[in-house]
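Visitor: Sharing a structure, written as structure tokens. Questions coming.
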Amino acid sequence: FKHREKKDPLFVDYAHCAILLGYVQSMLTSAVMGRDDLPQEVKTATLLAINKVMWIQSDLFARHYIPSFASKVTPKAFGVDQRVWPVVCGGLATALAYLVWRKA
């Protein structure tokens with residue numbers, strides 16, 4: 001983009017992308033479940049569709065941000081390959097959004 005020509009490239013960590021997706025899913029779930037005028041079947045179908053879109057988006061983020069496991073260097077953090085941690089964070093963010101939704 002022209003307004004970014006002389007600036008460093010932006011980088012948003014994968015964990016932040018996953019947390020945002022979890023938050024958006026939580027908000028959409030609350031909005032759908034809060035509609036008393038919709039039949040339960042419509043709510044279920046809508047939530048399944050939203051969930052599928054979020055998983056696809058999360059997979060696209062992961063494909064872009066997480067390096068291939070075929071790379072030569074495999075740094076470790078806590079005895080686990082560091083490239084696994086963003087996926088773990090994304091899963092935890094999704095689980096947290098689900099738990100928040102269940103309490104609402």
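The values are calculated or read from the model by the stated rules, or taken from the named source; none is laboratory data. Nothing here was measured: the structure is a model prediction, and the numbers come from that model. Glycine gets a Cβ as well: all are built from the backbone with ideal geometry, and neighbour counts include every protein chain shown.
Visitor: How many residues does the stretch 61-70 hold that are modelled with pLDDT of 75 or more and exposed (fewer than 10 other Cβ atoms within 10 Å of the Cβ)?
Guide: Residues flagged as modelled with pLDDT of 75 or more and exposed (fewer than 10 other Cβ atoms within 10 Å of the Cβ) within the stretch 61-70 amount to 2.
Rundown of residues vs (1) modelled with pLDDT under 90; (2) loosely packed, with under 14 Cβ neighbours inside 10 Å; (3) among the small types (Gly, Ala, Ser); (4) under 13 Å from the mean Cα position of the chain (by Cα), yes/no style:
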site: LYS7; (1), (2), (3), (4): yes, yes, no, no
site: TYR14; (1), (2), (3), (4): yes, no, no, yes
site: ASP37; (1), (2), (3), (4): no, yes, no, no
site: ASP59; (1), (2), (3), (4): yes, yes, no, yes
site: LYS72; (1), (2), (3), (4): yes, yes, no, no
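Visitor: Further, regarding this structure: Name the pairs whose Cβ atoms lie under 6 Å apart, with the first residue in the stretch 47-68 and in contact (Cβ under 8 Å) with a residue 60 or more places away in the chain, the second assigned to a helix (DSSP H, G or I) and surrounded by 14 or more Cβ atoms within 10 Å (Cβ to Cβ), and 6 or more positions between them or separate chains?
Guide: Sorted first by the residue in the stretch 47-68, then by its partner, the list stays empty.
Visitor: Moving to a separate point now. Would you check if MET33 is closer than 17 Å to ALA95 by Cβ and either of a type outside the set (Val, Ile, Thr) or modelled with pLDDT of 90 or more (or both)?
Guide: In short, no.
Visitor: Quick one: how many residues across the stretch 74-93 are surrounded by 13 or more Cβ atoms within 10 Å (Cβ to Cβ) and modelled with pLDDT under 75?
Guide: Final tally of qualifying residues: 2.
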